[in-house]
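Below: the structure, in structure tokens.
Values quoted throughout were computed directly from the atomic coordinates according to the rules given, and no laboratory measurement underlies them. For clarity, every value in this text was computed on a predicted model and none was experimentally measured. When we count neighbours, we look across all protein chains shown, and the Cβ atoms used for this are built from the backbone with ideal geometry, even at glycine.
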Amino acid sequence: MLCAVYKSAKKVDTYLYVPGKGDFSQVPAELLEMFGAPVFVTQLLLNSERKLARMTADQMKAHLEEKGFYLQLPPPQEDLLKTFRASQGDS
């Protein structure tokens, strides 16, 4: 399966995966509005040898087949102050 990857023009480190280049037919209009104008990044061939950062290619294929898109959000930022306080025994 071939999929296209787009980055958000509005949200840093936010990516949208769709089954084909320019195929946003399954993406809710509200999501596209919040995402902003999609900026094409690349196309990927999803096969068992493909390594993705946050899931397997098979998981991505299943998600695209079921929902028609996948939204990848950035991981939550670590609260460094909270981590430091915890290391010092503070709460």
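Restricting to DSSP loop positions (anything but H, G, I, E, B) with no more than 12 other Cβ atoms inside 10 Å of their own Cβ, which GluC sites (Glu not before Pro) remain in segment 1-80?
For GluC sites (Glu not before Pro) across segment 1-80 that sit outside H, G, I, E and B with at most 12 neighbouring Cβ atoms in 10 Å, the list reads 49, 78.
Placing +1 on the Cβ of every Lys and Arg and -1 on the Cβ of every Asp and Glu, with no other charges, gives the chain a dipole of roughly 200 debye about its Cα centre.
For segment 38-54, putting each phi into the Karplus relation 6.51 cos²θ - 1.76 cosθ + 1.60 with θ = phi - 60° gives couplings of x, 10, 4, 10, 6, 10, 10, 8, 8, 9, 5, 7, 6, 9, 10, 5, 10 Hz, in residue order, rounded to whole numbers and with x for Gly and Pro. Amide H contacts of residue 41 (H built 1.01 Å from N, in plane; Pro and chain starts excluded): 5, 6, 7 sit under 5 Å, all sequence-distant by 5 or more or on other chains. Annotation: amide H-H contacts under 5 Å for residue 52 (H modelled 1.01 Å from N, sequence separation of 5 or more, or interchain): 57.
Given 20 °C and 1.002 mPa s, compute D for the chain with the Stokes-Einstein relation, Rh being the Kirkwood radius over Cα pairs; round to the nearest whole µm²/s. Translational D for this selection: 146 µm²/s.
Give the residue from 28, 63, 41 lying farthest towards the positive end of the charge dipole for the chain; charges sit on Cβ (+1 for Lys and Arg, -1 for Asp and Glu) and the dipole is referred to the Cα centre. Towards the positive end, the residue furthest out is 41.
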